[in-house]
Amino acid sequence: MDFCPECGSIMLPSDDMLKCRKCGHFKIRERGFISKELRQEREMTVLEKEEVGLPTISVRCSECDNDTAYWWLRQLRSADESEVRFFKCTKCKKTWREYN
């Protein structure tokens, strides 16, 4: 597994090179052994739309009064503190957070 020297993200295989999905940096892949995992990644479809697969919840958006939003959890502080729940309105795309 290779990491991007520019931003530190994982480099994904693309044809005869490795390409960073985050910043676009690429490098020529060395010839030789290609693991089964790399061959599977080459055929993997990556969906860029972040809302795909996120659960929805009934919550009121303060911006547009829509009553449905996507939600996800993130651990922003240390492990002994509770996570933060983020919401994104399905209509106007406003994002806000709720601390537990």
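Each reported figure results from applying straightforward, stated rules to the coordinates on display, with no laboratory input. Just so you know, these numbers come straight off a predicted model, no measurement behind them. Cβ placement follows ideal geometry from the backbone for every residue including glycine, while neighbour counts extend to all protein chains displayed.
How much net charge surrounds LEU76 when only other residues with a Cβ under 15 Å from its Cβ are counted (Lys, Arg +1; Asp, Glu -1)?
Computed value for this residue: 0.
Highest first, please rank the peptides 86-92, 19-25 by the mean number of other Cβ atoms sitting within 10 Å of their residues.
The peptides rank, most packed first, as 86-92, 19-25.
Each residue of the stretch 11-28 in order: what ³J(HN,Hα) in whole Hz does its phi give by Karplus 6.51 cos²θ - 1.76 cosθ + 1.60, θ = phi - 60°, with x for Gly and Pro?
8, 9, x, 8, 6, 9, 9, 10, 10, 7, 6, 7, 10, x, 4, 9, 8, 5
Show log10 I(q)/I(0) for the stretch 56-99 at q = 0.20, 0.22, 0.33 Å⁻¹, two decimals, from a solvent-free Debye sum over equal Cα scatterers.
Calculated log10 I(q)/I(0) at the listed q: -0.58, -0.66, -1.13.
If r is the Cβ-Cβ distance from GLU6 to GLU98 and R0 is 30 Å, what FRET efficiency results, to the nearest 0.05?
0.30
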